[in-house]
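Report on the structure given below.
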Amino acid sequence: MTHQVHIIGGGLAGSEAAWQLAQRGVKVRLSEMRGSGQGHTDAHQTDGLAELVCSNSFRSDDDTKNAVGLLHHEMRRLDSLVMAAGEKARVPAGSAMAVDRDVFSAEVEKALSEHPNIEVVRELVEELPGEGMTIVATGPLTAASLAQSIVKATGEDRLAFFDAIAPIVYRDSIDMDVCWIQSRWNKRTDASNEDGDYINCPMTKEQYLAFHQGLLDAEKGEFKDWEADTPYFDGCMPIEVMAERGVETLRYGPMKGVGLDNPHDRTEEHPQGRWPYAVVQLRQDNKLGTLWNMVGFQTKMKYGAQVELFRTIPGLENAEFARLGGMHRNTFINSPMLLDRQLRLKSAPHIRFAGQISGCEGYVESSAVGLLAGLMAACELRGESWTGPPATSAMGALLSHITGDAEASSYQPMNVNFGLFPTLEKVPKKQRKEAYTERGKADFGEWLAGLESVPA
């Protein structure tokens with residue numbers, strides 16, 4: 001099949017870009033190095049397209065007062081493949097959207113492989129193409145040879161940070177005589193999920209302090225010379241690094257016990273159960289409910305140290321791990337300096353960048369930027385001018401941050417958040433989240449109406 005657009009990278013951004021182009025009649029070649037016999041990464045476990053290598057959560061699905069929930073809403077309105085596959089693979093996660101990672105990847109791969117306008121090719125692309133419309137969506141684990149080609153083309157040093165992977169525990173190895181199932185403040189995904197979406201492992205003050213010290217003392221993996229000065233991203237901070245910031249840091253972060261009533265610790269004053277001093281939460285990781293991941297427990301600790309320490313957590317004394325925590329280095333470019341407002345490389349405008357390599361952070365954000373790159377490329381192929389989504393929308397705010405509104409000298413990966421949106425004037429603080437989403441939906445709807453008036 002002769003292609004009109006070459007997409008390099010079959011992760012979430014590349015998969016979404018391919019889908020959007022193909023749905024508009026564009027012929028796409030989607031190159032993915034995994035499965036070619038030439039390329040692999042230390043973080044991926046399979047050769048599947050759109051594999052989720054860290055958490056299985058797309059975060060909040062609340063589109064009434066949450067920025068990422070608003071992004072979900074906008075992507076659904078644009079026929080997002082990632083969001084559609086996510087619905088089919090969905091598992092309980094309170095007000096968040098979490099998926100069975102294997103089902104999700106399979107759904108994406110099936111849709112792309114069966115599309116008549118998409119050719120999926122397992123190959124390692126080692127250099128940026130010198131011509132032809134291209135979208136680079138190789139993500140944070142770009143092959144070294146291609147990364148060097150990008151450095152050569154941009155003239156800028158790569159920026160990088162560490163991203164960490166949380167352990168996954170087998171459900172039947174968790175002691176439910178100690179733990180219990182409940183969502184914080186009893187907020188559940190739906191009414192059918194009677195008890196809640198999280199398994200909670202309670203800790204007393206003494207247990208917490210001992211665990212905190214264990215994090216500080218545990219043997220950590222060694223950094224290579226080229227990794228030594230790489231900063232962490234705050235949204236995926238290793239648990240032991242958080243512990244180093246102070247003894248109370250974890251209790252106000254992933255180990256917060258507020259809003260969780262321990263039924264194993266009832267008193268006359270607290271007939272529903274007392275809040276634990278600290279808690280370790282696990283979230284369902286697959287549809288069968290056999291695998292649960294430790295929320296916020298990304299780590300650089302060595303495997304033996306992880307098993308030893310995590311089995312001191314009440315309820316996890318006999319825990320069996322389907323996967324232990326790990327870390328990998330993420331690579332991204334200085335997009336505000338290097339890309340124009342249509343995600344094109346200023347020095348080589350036939351090339352667009354999308355996804356985490358452009359410096360956005362998060363599964364949904366990466367997918368959204370891939371979606372936009374696909375729309376932009378389709379518009380360019382039709383010879384039409386591009387008008388981007390309004391800055392008051394989640395997509396528009398994210399795009400603006402990546403392509404120029406962020407400070408280039410200190411550019412770092414960013415999740416979508418209301419801090420990226422134009423400031424709302426004269427709106428009471430308690431009403432701002434609702435006001436942001438209400439205005440975002442309205443403005444995005446107007447933009448979408450104009451976009452849909454253009455024939456595919």
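Could you say whether any residue in region 146-156 is among the basic types (K, R) and over 24 Å from M327 (Cα atoms)? Yes, the conditions are met somewhere in region 146-156.
For region 117-134, filtered to residues that are over 26 Å from the mean Cα position of the chain (by Cα) and farther than 23 Å from R24 by Cα, the residue that is surrounded by the most Cβ atoms within 10 Å (Cβ to Cβ) is P129. When region 333-365 is filtered for residues that are under 30 Å from L282 (Cα atoms), touching a residue at least 60 places away in the same chain (Cβ under 8 Å) and not in a helix (DSSP H, G or I), the ones remaining, listed by number, are G359, E361, G362.
So for region 8-25 (the condition being among the β-branched types (V, I, T), open to solvent by less than 50 Å² (accessible area, probe 1.4 Å) and closer than 19 Å to E365 by Cα), does at least one residue qualify? The answer is yes, given that some residue of region 8-25 is among the β-branched types (V, I, T), open to solvent by less than 50 Å² (accessible area, probe 1.4 Å) and closer than 19 Å to E365 by Cα.
When you go through A305, A319 one by one, which is the residue that is assigned to a loop (DSSP other than H, G, I, E, B), aliphatic (A, V, I, L, M) and more than 24 Å from the chain's Cα centre (by Cα)? When all the criteria are applied, what remains is A319. So, A373, is that one of a type outside the set (K, R), open to solvent by less than 20 Å² (accessible area, probe 1.4 Å) and part of a helix (DSSP H, G or I) or not? It is true that A373 is of a type outside the set (K, R), open to solvent by less than 20 Å² (accessible area, probe 1.4 Å) and part of a helix (DSSP H, G or I). When the criteria are applied in full, S36 meets the requirement of being more than 18 Å from S367 (Cβ to Cβ), part of a loop (DSSP other than H, G, I, E, B) and modelled with pLDDT under 95.
Just so you know, in region 239-283 the residues that are part of a loop (DSSP other than H, G, I, E, B) and β-branched (V, I, T) include one that is farthest from the chain's Cα centre (by Cα), and it is T267. Out of N330, N286, one residue alone is within 26 Å of S95 (Cα to Cα), polar (S, T, N, Q) and under 24 Å from the mean Cα position of the chain (by Cα). It is N286. The set of residues in region 250-262 that are surrounded by fewer than 13 Cβ atoms within 10 Å (Cβ to Cβ) and in contact (Cβ under 8 Å) with a residue 24 or more places away in the chain contains only V258.
Filtering region 92-116 to residues that are under 16 Å from G289 (Cα atoms) and in contact with a helix residue (DSSP H, G or I) (Cβ under 8 Å, 6 or more places away or on another chain) leaves G94, M97, V99, V103, F104.
What are the residues in region 380-402 that are of a type outside the set (A, V, I, L, M), part of a helix (DSSP H, G or I) and open to solvent by 10 Å² or more (accessible area, probe 1.4 Å), if any? E380, S400, H401 - these are the residues of region 380-402 that are of a type outside the set (A, V, I, L, M), part of a helix (DSSP H, G or I) and open to solvent by 10 Å² or more (accessible area, probe 1.4 Å). Scoring G246 on the criteria (1) at pLDDT 95 or above; (2) crowded, with 20+ Cβ neighbours inside 10 Å leaves a single failure, condition (2). If you take the residues in region 303-354 that are touching a Phe, Trp or Tyr at 6+ places or on another chain (Cβ under 8 Å) and open to solvent by 50 Å² or more (accessible area, probe 1.4 Å), which one is farthest from E16 (Cα to Cα)? If we take residues in region 303-354 being touching a Phe, Trp or Tyr at 6+ places or on another chain (Cβ under 8 Å) and open to solvent by 50 Å² or more (accessible area, probe 1.4 Å), then T312 is farthest from E16 (Cα to Cα). Here E434 qualifies as over 28 Å from R24 (Cβ atoms) and either in a helix (DSSP H, G or I) or among the basic types (K, R) (or both). Please go through region 304-347 and give me each residue that is small (G, A, S), farther than 26 Å from Y232 by Cα and out of contact with any strand residue (DSSP E or B) (no Cβ under 9 Å at 6 or more places or on another chain), ordered by number. Residue satisfying the conditions is S347 alone.
Just a yes or no: is a residue in region 415-432 small (G, A, S) and open to solvent by less than 30 Å² (accessible area, probe 1.4 Å)? Within region 415-432, not a single residue is small (G, A, S) and open to solvent by less than 30 Å² (accessible area, probe 1.4 Å). Any chance region 419-431 includes a residue that's β-branched (V, I, T) and modelled with pLDDT of 90 or more? No, there is no match, as no residue in region 419-431 is β-branched (V, I, T) and modelled with pLDDT of 90 or more. Mind counting the residues in region 50-66 that are open to solvent by less than 10 Å² (accessible area, probe 1.4 Å) and at pLDDT below 95? So the answer is 3.
In region 100-116, of all residues being touching a strand residue (DSSP E or B) at 6+ places or on another chain (Cβ under 6 Å) and crowded, with 18+ Cβ neighbours inside 10 Å, the one that is nearest to I357 (Cα to Cα) corresponds to L112.
The values are calculated or read from the model by the stated rules, or taken from the named source; none is laboratory data. Keep in mind it's a predicted model, so treat the numbers as computed, not measured. When we count neighbours, we look across all protein chains shown, and the Cβ atoms used for this are built from the backbone with ideal geometry, even at glycine. The accessibility values were calculated without ligands, DNA or RNA, using every heavy atom of the protein model including side chains. Shrake-Rupley method; radii C 1.70, N 1.55, O 1.52, S 1.80 Å.
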